[in-house]
Amino acid sequence: VNHYLTNIETKAHLNAFVEVYSQSALKQAEQVDAKISSGTAGKLAGMVIGIKDVLCYKDHIINASSKILEGFESQFTATAVQRLIDEDAIIIGRINCDEFGMGSSNENSVHGKVLNAIDESRVPGGSSGGSAVAVQANLCTVALGTDTGGSVRQPAAFTGVIGLKPTYSRVSRFGLIAYASSFDTIGVFSTNVKDNALVLETMAGADSFDSTASRKPVPKYSELLHFDKPAKIAYLKETVFSDALQPEIRKETLKTLEKLKNEGHQVEEVNFPLLDYVLPTYYILTTAEASSNLSRFDGVKYGYRTPNAHNLESMYKLTRSEGFGEEVKRRIMLGTFVLSASYYDAYFTKAQKVRRLIKDFTEDLLNKFDYIVLPTTPSTAFRFGEHSNDPVAMYLEDLFTVQASVSGVPAISIPNGKDEKGLPIGLQIMANSFKEAELYAFADHLT
Ligand code: GLN
């Protein structure tokens with residue numbers, strides 16, 4: 001804990017942590033030491049973990065990086081976090097992110113931007129940019145993030161660490177501030193596959209507080225890291241040969257596929273004709289869900305309330321106008337529009353149908369192949385401000401990550417070489433629902 005506290009202090013300018021629980025972390029560490037001496041320590045004893053500012057931790061402030069939650073304190077602890085604590089993990093602090101998880105660069109945060117430790121003029125990715133940098137810069141062993149459309153995988157790729165998005169429903173969402181409830185997952189950042197697997201197997205599983213959490217038994221992922229039989233691997237032509245893809249990423253992706261072929265695995269190119277529909281589907285459905293989820297922040301129950309109101313209606317309006325950032329407001333408006341009576345069928349219903357097509361296509365493919373491989377991102381980490389005035393350019397950053405989110409399948413991003421500037425490149429692997437063990441084994445083989 002002392003080691004990480006020193007690192008957090010010397011690298012404070014990266015702005016990864018928004019709050020450090022120095023006292024309680026040291027106290028927790030002492031208790032864990034005592035348990036280790038008496039042989040009663042849990043399986044995460046000594047693991048130091050940072051949590052994204054959207055995960056509740058009882059009696060601790062949580063803001064979702066938004067002014068609208070100014071001063072708000074959690075009344076309970078998220079199931080995922082509680083299960084880590086129960087196994088003697090040490091929670092070292094609360095980590096910066098994009099407001100309510102909306103963004104791909106960590107530029108939309110009331111806490112300010114997070115710097116990528118590899119090149120401080122560049123973004124760390126988002127929305128879990130702080131969690132990625134916390135692991136990248138050695139500020140904690142493992143960090144929790146959330147992934148709705150790529151928010152763990154994309155920042156993992158930009159910072160050169162491992163990031164896993166589990167199957168939708170594998171980890172309870174109790175205590176996670178909702179962005180888009182039918183997409184939200186809690187994911188893990190680490191520098192090695194084993195730590196990642198250990199944390200996921202601890203968090204995952206049924207939860208009486210979240211009826212959508214799967215009751216399927218949770219395998220011991222960390223003990224299943226053998227990748228010893230020939231695998232069937234598909235790569236998506238439209239992604240690897242996309243015009244939008246930075247050439248060095250294509251080169252590194254093809255190099256890895258070639259290596260796998262030489263090892264005796266079956267590697268096949270397949271078409272993904274639905275690629276053009278993935279982003280519009282994602283952004284219609286997630287903004288719709290967000291506009292509904294965020295209606296609870298009205299100045300009455302949580303956090304910020306405007307001091308400028310003159311009646312009830314102006315209190316609602318001003319609180320929301322002053323409390324939400326630009327991007328969040330844009331999404332609330334988009335979501336309200338696609339849900340409005342005259343446009344519901346044209347946008348929302350249609351997007352739900354397309355979601356089904358994408359999910360069926362992806363699952364069918366994953367019944368024929370063990371893995372789908374594709375780049376995590378179209379480019380390596382871009383510069384601050386590069387996309388901030390162009391929301392569509394920013395949304396395009398999610399081109400390759402949203403397929404797994406729309407389909408609900410697990411996906412992992414692992415480091416796969418560097419570009420000419422020395423910036424990390426990510427390789428993404430998807431497997432069928434609840435095949436995290438297979439995903440980890442493959443990732444472990446490649447790292
Ligand atoms: N960048 C995507 C978005 O803004 C993904 C965010 C996420 O996964 N939380 O919606």
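The values are calculated or read from the model by the stated rules, or taken from the named source; none is laboratory data. Note that the structure is predicted; figures quoted are calculated from it, not measured. No Cβ is skipped: glycine too gets one built from the backbone with ideal geometry, and neighbour counts run over all protein chains shown.
Does Lys35 satisfy the criteria of being assigned to a helix (DSSP H, G or I), of a type in the set (Lys, Arg) and without any contact (Cβ under 8 Å) to a residue 40 or more places away in the chain? Before the answer, list the steps.
Numbers: assigned to a helix (DSSP H, G or I): yes; of a type in the set (Lys, Arg): yes; without any contact (Cβ under 8 Å) to a residue 40 or more places away in the chain: no.
So Lys35 fails the test.
Please verify whether Arg250 is in contact with a Phe, Trp or Tyr (Cβ under 8 Å, 6 or more places away or on another chain) and without any contact (Cβ under 8 Å) to a residue 60 or more places away in the chain, treating the condition exactly as stated. Let's see the steps before the verdict.
Numbers: in contact with a Phe, Trp or Tyr (Cβ under 8 Å, 6 or more places away or on another chain): yes; without any contact (Cβ under 8 Å) to a residue 60 or more places away in the chain: no.
Taking the combined requirement at face value, the residue does not satisfy it.
Name every residue in the stretch 182-216 that is within 16 Å of the ligand (Cβ to nearest atom) and in a loop (DSSP other than H, G, I, E, B), in order of residue number. First the steps, then the outcome.
First pass over the stretch 182-216, keeping only residues within 16 Å of the ligand (Cβ to nearest atom): 182-189.
The answer is Ser182, Phe183, Asp184.
For the stretch 241-256, which positions are hydrophobic (A, V, I, L, M, F, W, C) and surrounded by 19 or more Cβ atoms within 10 Å (Cβ to Cβ)? I'd like the intermediate steps shown before the answer.
Residues of the stretch 241-256 hydrophobic (A, V, I, L, M, F, W, C): 241, 244-245, 249, 254.
The answer is Leu245, Ile249.
Name the single residue, out of those in the stretch 120-141 being under 18 Å from Met394 (Cα atoms) and among the hydroxyl-bearing types (Ser, Thr, Tyr), that is farthest from the chain's Cα centre (by Cα).
Ser121
Out of (1) polar (S, T, N, Q); (2) surrounded by 24 or more Cβ atoms within 10 Å (Cβ to Cβ); (3) on the phi > 0 side of the Ramachandran plot, what's the single condition that is false for Ser127?
So the condition that Ser127 fails would be (3).
Being closer than 14 Å to Thr401 by Cβ and in contact with a Lys or Arg (Cβ under 8 Å, 6 or more places away or on another chain) is the filter here; which residues of the stretch 135-149 pass it? Can you show your working first?
To start, the set of residues in the stretch 135-149 that are closer than 14 Å to Thr401 by Cβ comprises 145-149.
Within the stretch 135-149, Gly145, Thr146, Asp147 meet the criteria.
Buried (at least 17 other Cβ atoms within 10 Å of the Cβ), modelled with pLDDT of 95 or more, under 24 Å from Asp98 (Cβ atoms) and in contact with a helix residue (DSSP H, G or I) (Cβ under 7 Å, 6 or more places away or on another chain), is that true of Thr281?
Details: buried (at least 17 other Cβ atoms within 10 Å of the Cβ): yes; modelled with pLDDT of 95 or more: yes; under 24 Å from Asp98 (Cβ atoms): yes; in contact with a helix residue (DSSP H, G or I) (Cβ under 7 Å, 6 or more places away or on another chain): yes.
Criteria met by Thr281.
Yes or no, residue by residue, for (1) among the hydroxyl-bearing types (Ser, Thr, Tyr); (2) surrounded by fewer than 17 Cβ atoms within 10 Å (Cβ to Cβ); (3) out of contact with any Asp or Glu (no Cβ under 8 Å at 6 or more places or on another chain):
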| site | (1), (2), (3) |
| --- | --- |
| Thr306 | yes, yes, no |
| Asp360 | no, yes, yes |
| Ile372 | no, no, yes |
| Thr376 | yes, no, yes |
| Ser388 | yes, no, no |
| Tyr395 | yes, no, yes |
| Ser407 | yes, no, no |
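Take the stretch 130-156 and flag every residue that is touching a Cys at 6+ places or on another chain (Cβ under 6 Å) and of a type in the set (A, V, I, L, M).
Ala134
Starting from the stretch 2-21, take each residue that is over 16 Å from Val123 (Cα atoms) and surrounded by 15 or more Cβ atoms within 10 Å (Cβ to Cβ) and list its partners that are among the aromatic types (Phe, Trp, Tyr) and modelled with pLDDT of 95 or more, counting only C-beta distances under 9 angstrom and pairs at least six apart or across chains.
Every condition considered, the pairs that remain are Ile8/Phe17; Tyr21/Tyr57.
Among the residues of the stretch 28-49, is there at least one that is under 30 Å from Ser121 (Cβ atoms) and either crowded, with 20+ Cβ neighbours inside 10 Å or in contact with a Cys (Cβ under 6 Å, 6 or more places away or on another chain) (or both)? Break it down stepwise before answering.
Let us first name the residues in the stretch 28-49 that are under 30 Å from Ser121 (Cβ atoms), namely 48-49.
So of that shortlist, the ones also either crowded, with 20+ Cβ neighbours inside 10 Å or in contact with a Cys (Cβ under 6 Å, 6 or more places away or on another chain) (or both) come out as 48-49.
So far as the stretch 28-49 goes, yes, one or more of its residues are under 30 Å from Ser121 (Cβ atoms) and either crowded, with 20+ Cβ neighbours inside 10 Å or in contact with a Cys (Cβ under 6 Å, 6 or more places away or on another chain) (or both).
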